[in-house]
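Colleague: My questions all concern the structure below.
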Amino acid sequence: MSIFPDYFAPLHLSLVGKALGKGLLELGVHDLRQWTHDRHNTVDDTPYGGGAGMVMKPEPWGECFDALLDGLEEPPVLVVPTPSGIPFSQPIAYELSEKSHLLFACGRYEGIDRRVMEHAATRMEVRELSLGDYVLNGGEVATLAMVEAVVRLIPGVIGNPESLTEESHSDGQDQLLEYPVYTKPPSWRGLDVPEVLFSGHHARIAEWRREQAVELTRLRRPDLLPE
Ligand SMILES: Oc1ccccc1-c1ccno1
């Protein structure tokens with residue numbers, strides 16, 4: 001749900017687009033203005049208590065929920081991208097990939113009237129999630145990122161599921177950052193591929209990759225290192 005539905009055209013490309021084509025998931029994009037009734041299709045208004053900017057009115061959201069939940073066998077999970085949310089993470093992506101129906105509420109302006117999330121919580125699970133400690137102009141870009149992170153975990157979407165286990169933040173990597181990767185040519189602009197990767201000695205290669213992952217994590221994300 002968004003006032004800028006065209007933001008989601010990219011979801012018909014690449015990996016998510018292929019998954020849609022294979023019928024592994026369905027995607028609906030809903031223009032919130034469809035649930036306004038005034039001449040200007042108004043979705044926002046001035047904030048109670050004063051302050052800069054505008055706040056998204058609750059009524060269009062409520063009517064949108066009514067329409068989208070009508071006839072559903074079970075309630076969806078409402079995901080609300082927001083800078084004040086719980087940090088989105090790979091474990092949360094896995095959790096969401098196992099849900100049968102996700103609904104993303106893309107806020108704009110100074111945010112969505114709080115009563116929208118309070119009302120939503122009476123009829124579905126609500127997850128207010130942040131993509132990181134920075135500010136975007138709206139929830140659309142965050143939703144695109146979350147949809148890609150979640151959809152790629154759905155069985156059948158990624159050709160080789162093994163590649164999911166060796167990524168940064170994956171269980172197969174103990175949540176460490178991913179080791180450096182190389183391909184041909186063996187030497188490029190005076191830079192050589194580490195010798196160990198030519199050894200064919202799988203145990204040594206695995207050991208080197210683990211060491212690289214630990215070192216990279218220690219340098220860039222010491223918070224991810226086990227106690
Ligand atoms: O900055 C935002 C504005 C609207 C909706 C989401 C966000 C956001 C920022 C970081 N993660 O989500």
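The values are calculated or read from the model by the stated rules, or taken from the named source; none is laboratory data. Treat the numbers as computed from the prediction; the structure is a model and nothing was measured. Here the Cβ positions follow ideal geometry from the backbone for every residue, glycine too, while neighbour counts run over all protein chains shown.
Colleague: Going residue by residue through segment 181-196, is there one that turns out to be in contact with a helix residue (DSSP H, G or I) (Cβ under 8 Å, 6 or more places away or on another chain) and under 26 Å from Tyr94 (Cα atoms)?
Modeller: So in segment 181-196, the residues in contact with a helix residue (DSSP H, G or I) (Cβ under 8 Å, 6 or more places away or on another chain) come out as 182, 186, 194, 196.
So of that shortlist, the ones also under 26 Å from Tyr94 (Cα atoms) come out as none.
Taking every residue of segment 181-196 in turn, none turns out to be in contact with a helix residue (DSSP H, G or I) (Cβ under 8 Å, 6 or more places away or on another chain) and under 26 Å from Tyr94 (Cα atoms).
Colleague: Go through Pro87, Pro58 for me and flag whichever is at pLDDT 95 or above, under 25 Å from Leu131 (Cα atoms) and within 22 Å of the chain's Cα centre (by Cα).
Modeller: Every option except Pro87 fails the conditions.
Colleague: Just to be sure, is Lys57 farther than 30 Å from Leu176 by Cβ and in contact with a strand residue (DSSP E or B) (Cβ under 6 Å, 6 or more places away or on another chain)?
Modeller: yes
Colleague: Residue by residue through segment 100-128, note down the ones that are closer than 25 Å to Leu15 by Cβ, hydrophobic (A, V, I, L, M, F, W, C) and surrounded by fewer than 21 Cβ atoms within 10 Å (Cβ to Cβ).
Modeller: Matches in segment 100-128: Leu102 only.
Colleague: Need pairs with beta-carbon distance below 7 Å; first residue at pLDDT 95 or above and within segment 120-143, second near the ligand (Cβ under 8 Å from one of its atoms) and among the small types (Gly, Ala, Ser); sequence gap 6+ or separate chains.
Modeller: Glu128/Gly85; Leu129/Gly85; Ser130/Gly85; Leu131/Ala142; Leu136/Ala142; Gly138/Gly107; Gly139/Gly107
Colleague: Is one or more of the residues making up segment 172-182 among the hydrophobic types (A, V, I, L, M, F, W, C), over 30 Å from Pro226 (Cα atoms) and surrounded by fewer than 14 Cβ atoms within 10 Å (Cβ to Cβ)?
Modeller: Looking through segment 172-182, none of the residues is among the hydrophobic types (A, V, I, L, M, F, W, C), over 30 Å from Pro226 (Cα atoms) and surrounded by fewer than 14 Cβ atoms within 10 Å (Cβ to Cβ).
Colleague: Where in segment 94-206 are there helices (runs of 4 or more DSSP H), lying wholly inside it, with at least 3 residues that are of a type in the set (A, V, I, L, M, F, W, C) and within 16 Å of the ligand (Cβ to nearest atom)?
Modeller: 114-120, 139-151
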